[in-house]
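Below: one structure, written as structure tokens.
Read-outs throughout are calculated quantities, based only on the coordinates presented, and are distinct from any laboratory measurement. Fair warning: this is a prediction, and the values are worked out from it, not measured in the lab. Cβ coordinates were reconstructed from backbone atoms using ideal geometry, including for glycine residues, and neighbour counts include every protein chain displayed.
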Amino acid sequence: MTPRSVERIILKLRDEIRRHDELYYLQENPEISDREYDELIEKLRELETKHPKLISSDSPTQRVAGRPAEGFPEFVHRVPMLSLDNSYNIDELRAFDERCRKLAGGESPEYVAELKIDGLSLSVHYEEGVFVRGVTRGDGFRGEDVTSNVRTIRSIPLKLNAKAASIAREIEVRGECYLGLRIFERINNQREDAGEPRFANPRNAASGTMRQLDPSITARRRLGMFAYDVFAGQRKAFATHWDALNWAERAGFHVNENRALCKSIDEVIEFCNGMEARRDNLGYEIDGVVVKVNSTALQERFGATGKAPRWAIAYKYAARQATTRVNDIIVQVGRTGALTPVAMLEPVQLSGVTVSRSTLHNEDEIERLGLKIGDHVLIERGGDVIPKVVKVIESKRTGKEKKFRMPTTCPVCGGNVSRPEGEAVSRCIAADCSAQLIGRLLHFASRRAMRIEGLGFALAEQLIEKKMVRDVADIYTVTLNDLVSLERMAKKSASNVLSQIEESKTRDLWHLIYGLGVRHVGERTAGILARHFGSLERLGAATVEELDDIHEIGLTMAESIHDWFADSGNKELCQRLTAAGVHTEIAEHSSRQTDQRLAGKVFVITGTLPGMTRDEARQLIDASGGRVTGSVSKKTDFVLAGADPGSKLDKANELGVPVIDETEFKKMLG
Ligand code: IVH
């Protein structure tokens, strides 16, 4: 290869990686898996190692520094990083507005309202447009130099584009580093698997991540940063804050899109209320709104008191954490027989709702928390998730707290309880446990399954108690007379329930598969199984190998599905459902499926197809017995390539794997 062509490949790779960074962070819609992303980085690194002259400090490979640092050196901020005064209600916001108007000599200043991201603040420095340093806030005057870690944050540009960089030789951008909720959950699960304690909230996790001495750990954890301030040298870079935010966006930073330029405090209040309603759907934690005077000249005139500026205020939302007492721990029995301990709490207000109970999951969780009945605890409500106990407040112990013991018999039916080795969950193993039957019935009738409206807890409980129903197939044998004989069941509602039951027979196959409640089979898996097999009968006849061969179905799932259908009771249940007239086939599926035109063929899809999305192509392949994998190897039979196919195409050519386009693909499907 000529040096020119190497350079071209390197530049192309860098562009591609940047494009994936953007898809991942800005659009939250990645096109490739993490592994494929790492492969791209690896390829670039290899080329750069062979041609070190072509390494530039803005290359994505420079994001991950090699060696762990030894502690962090101190860095004195050129301009102190102040904190903010807080306000907790609208009156306090109005009082802030009045102070500002007075300071501004009577005129009403413009405000910028933006989200107060719950993370840790960070200052990043550029010289001649190139990233040189990243510093934590520290005490506001001195921070820690965490440059190697900051390099790994993909939402922070390593190089500013030339036009943006031209505003000053030395530029400092400040912003809030945060961890998205999905990543936070993933990290905590991994920590739990590794026997490490969970982080209490995303902010602690972000801050722990930033202080990692090994930058490769920071890199894996995928921190993000929203920029909120820009300095040229030691002065604010723009005449207004709004301009600064827009510049930051053009320069390549992420600036939170939820921001507003407000002419009056009323507009600010509207923004605050609107965002509070949307707070649970953002994908990251916020703890309020920051309101800033827009004009830099006014900001300078207002100045600061002690540690907070007079030109800005935080409007804090109601806390999502609260402390309360665990009055009792009760045990619920679910449809799988799982015994779930639930903390009965002294009712407490948490972000607008009264919380009085919180699941404790299992015995291990209680052990991990070190929780006893009577303990005071910190509870937390994140997103739309049910509140959970974060930790025990040991300093509030009186010595009267009682240890919780998992019952050895089922609290509902008195049957035996077993906890298999290596599992966290204890289960009631009685086949006729009414709690399990009720749970199975409610699951079968739930909206995502067969959607039988009117079949709620009270009815399910009575049907089982009166022995009218022993399993989900019995639902279809219930008569009008049965129903009217029950308590609180008038003729009209009885006939409504009956017609709902009748209607449920025509639900799509995946609803039925999901409704059966096979362990490990969620809605998504049910959809995959329905598409792949097309009928309950064919699914029931599948071997573990056949199931395991389906992309996205792992061995545990395959075994669980196979075991469920191998059980003679379940076999009979399926036969009775079919006999009752429940639809157990996908109407037009059978002919397509029996074709099995692509049986056993392994595909990789890359690039943009002209006439269908990649997901549609994947579904067609699945439905014809083929399989789609993520990366090209010797085992790949075909690479289905569209526009801008990227490195997978190179790999296919290298290995001699046939490459087809959409037209050829359609021909294959007939
Ligand atoms: S402005 C002098 N804007 O909140 C201005 N801060 O309680 C100081 N924060 O230390 C910061 N989102 O870590 C600003 N949009 C935002 C923010 C924000 C989060 C944090 C920041 C600061 C703390 C003050």
Residue-by-residue Karplus 3J(HN,Hα) for the range 92-101, coefficients 6.51, -1.76, 1.60, Hz, glycine and proline x: 5, 5, 5, 5, 4, 4, 5, 4, 5, 5
Angle between the chain longest axis and helix 568-579 axis [Cα atoms, degrees, rounded to 10]: 80 degrees
Karplus (6.51, -1.76, 1.60) ³J(HN,Hα), θ = phi - 60°, over the range 607-622, in Hz, Gly and Pro reported as x: x, 9, 7, x, x, 7, 7, 5, 5, 5, 4, 4, 5, 4, 5, 3
Free-standing Cys, the chain [no other Cys Cβ under 4.7 Å]: Cys100, Cys177, Cys262, Cys272, Cys574
Spacing of the two label points (7 Å from each Cα toward its C-beta) at Glu559 and Leu213, in nm: 4.1 nm
Most positive-pole-ward Cα, Ile171, Ser495, Gly337, against dipole of the chain from beta carbon charges: Ile171
Sequence-distant residues sharing a close amide H with Gly642 (under 5 Å, placed H): Thr606, Gly607, Thr608
FRET efficiency for Val342 and Val6, using Cβ-Cβ distance with R0 set to 56 Å, rounded to 0.05: 0.35
Rounded tilt (10° steps) of 523-533 against the dominant C-alpha axis of the chain: 60 degrees
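What order do you get for 283-290, 488-495 when each peptide is scored by the mean count of other beta carbon atoms within 10 Å, highest first?
For the peptides 283-290, 488-495, the packing ranking is 283-290, 488-495.
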Label-reachable residues, the range 88-111, where backbone N falls under 19 Å from a point 7 Å from Lys263's Cα toward its Cβ: 97-98, 101, 106-111
Cα-based shape type of the range 418-532, given that a ≥ b ≥ c are square roots of the gyration tensor eigenvalues and the cut on a/c is 1.5: oblate
3J(HN,Hα) from dihedral phi, the range 472-485, Karplus parametrisation 6.51/-1.76/1.60, rounded to Hz, x for glycine, proline: 5, 5, 5, 3, 7, 9, 5, 10, 4, 4, 3, 5, 5, 6
Between 0 and 90°, nearest 10: helix 3-25 axis offset from the chain longest Cα axis: 60 degrees
Dimensionless Rg ratio for the chain, taking C-alpha atoms and the 2.2 N^0.38 Å reference: 1.15
Residues of the range 85-126 with amide N under 13 Å of the 7 Å Cα→Cβ point at Asn273: 90-91
Exposure proxy order (Cβ contacts within 10 Å, fewest to most) of Ile475, Ile313: Ile475, Ile313
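Rounded to the nearest 0.05, what FRET efficiency is calculated for Glu616 and Glu545 with R0 set to 25 Å and r the Cβ-Cβ distance?
0.35
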Amide H within-cut-off set for Gly180, under 5 Å, with H built and near neighbours excluded: Gly224
